[in-house]
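Below you'll find the structure, written out as structure tokens, and then a few comments.
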Amino acid sequence: MLSVAVISINASAKIWRINNNPGVMADFSDPQNAINSASVHNDDTLYFEASPTVYNGFTLTKRLVLIGLGYFINGSYVNPGLQASTTNAVLSSLTIDTLGSGSQIIGLEMPPISANTSGVGADNITFTRCYLGFFNGGATPQKGYVAKNWKINKCFIAWPFYGYSINPDSWQITNSIFLSSFVLNSPNTINCLLRNNFFNQDVQIFNVYFANNIIPSAGFTRSNCTVKNNTSTGSAFTDPLDLANGNNNESVASVFIGGNPYIDNYYRLNPTYESSAAADGETVNGVTVKRGPFGTADPYRLSGIPAIPSIYTFTVPASVASTATTMPVTISTRSNN
């Protein structure tokens, strides 16, 4: 479980509550104050609690674990029954400084201009089960700046993803959904893996191992890449070598279960397609998985609910007699592994 992994980082690490609701007695109401506090140390955890007010942006200058409630739990696009709370925790922006190397960001929602990596050079950053807006790594490679060993796993990225200037080294981007442009084509990109993702718009990659992904019909540009067992929802794969490496072309209607394309539930595989050989991904260690974010033994998770226990229903009576000494309450929980 993730909670065990977090504890194992440092047995003395502390958990801090972040809540900006008026009148709530949390440890901090502003995340930057938590980061700046001398009481908050490397490997501590910041829990962002539900709030209708967006949390102020901040610069991550310590190695921390940041945990939210997930996304698509309120508003127009909802996966029902995953969180009792109908309010989530949203960050206005996040800047990652090199001092934040080793941090984990889990289950948080960050709207456009949110994952701004102006502190390029941070290493070992993990985003998992997050809703990311505009991921800005800059448009021009910066000499001497290298970001090593980033992991982006089970995330929903709604706006353009630019990882150009950070010169990615050994990144792993897996089981994620990208609704807009994806650019990871710095000439200094080294040894990156993109597996079991969905890309809705143009993809530009350099020096990447690209397998088991689903891409659009056009706008696929690659250089010095291994491209195997991917599906285009159109006609991106016509070269005989691509076809010989297990890449194919299918219609959008045949690939996905459908619904609203602005919510993650849409990108589950159509059962008919999923059961076909055309959906088979690359075989790794004797196991053949399916293509796309939901196609592995550890698939994308709807709404990015963190892999820790959560309350998904909470029921209390509408009224209680003034003479009552007890009140029946129903709480349902799940582990979300």
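A short reminder: the numbers here are calculations on the coordinates, not readings from a lab. Here the structure is a predicted model, which means the values were calculated and not measured. In this analysis, Cβ positions are derived from the backbone assuming ideal geometry, glycine residues included, and neighbour counts consider all displayed protein chains.
Projecting label points 7 angstrom from Cα along Cα→Cβ for A278 and S223 puts them 3.3 nm apart. For the stretch 207-246, what value does the Rg/Rh ratio take when both radii are computed over Cα atoms and Rh is the Kirkwood radius, given to two decimals? In the stretch 207-246, Rg relative to Rh is 0.91.
Using the Cβ-Cβ distance between S235 and V146 with R0 set to 41 Å, the FRET efficiency from 1/(1 + (r/R0)^6) comes to roughly 0.65. Counting every alpha-carbon pair across the stretch 19-59, the share separated by more than 13 Å comes to 52%. Under a model in which nothing but the beta-carbon of Lys, Arg (+1) and Asp, Glu (-1) is charged, the stretch 2-309 shows a dipole of about 200 debye around its Cα centre. Put simply, the stretch 11-95 fits an ellipsoid with semi-axes of 24, 13, 12 Å; these come from the alpha carbon gyration tensor as the roots of five times its eigenvalues, largest first. Where both bridge residues fall in the stretch 2-309, DSSP classifies roughly 5% of the beta bridges as antiparallel.
For the stretch 181-222, the normalised intensity computed at q = 0.24 Å⁻¹ comes to -0.79 (log10 of I(q)/I(0), Debye sum over alpha carbons, equal scatterers, no solvent). Taking 7 Å steps out from each Cα toward its Cβ at N74 and Y209 produces label points 4.2 nm apart.
The aspartates and glutamates whose alpha-carbon is closer than 16 Å to the alpha-carbon of K290, local same-chain residues fewer than 8 away aside, are E250, E274, D280, E282, D298.
Once the chain from V24 to N124 is taken as fully extended at 0.36 nm per residue, the excess over their C-alpha distance is 32.6 nm. Taking the inverse of the mean reciprocal distance over all distinct Cα pairs, the Kirkwood hydrodynamic radius of the stretch 2-309 comes to 19.8 Å. With the simple spin-label model, which puts each label point 7 Å out from Cα in the Cβ direction, the S92 to S39 separation comes to 2.4 nm.
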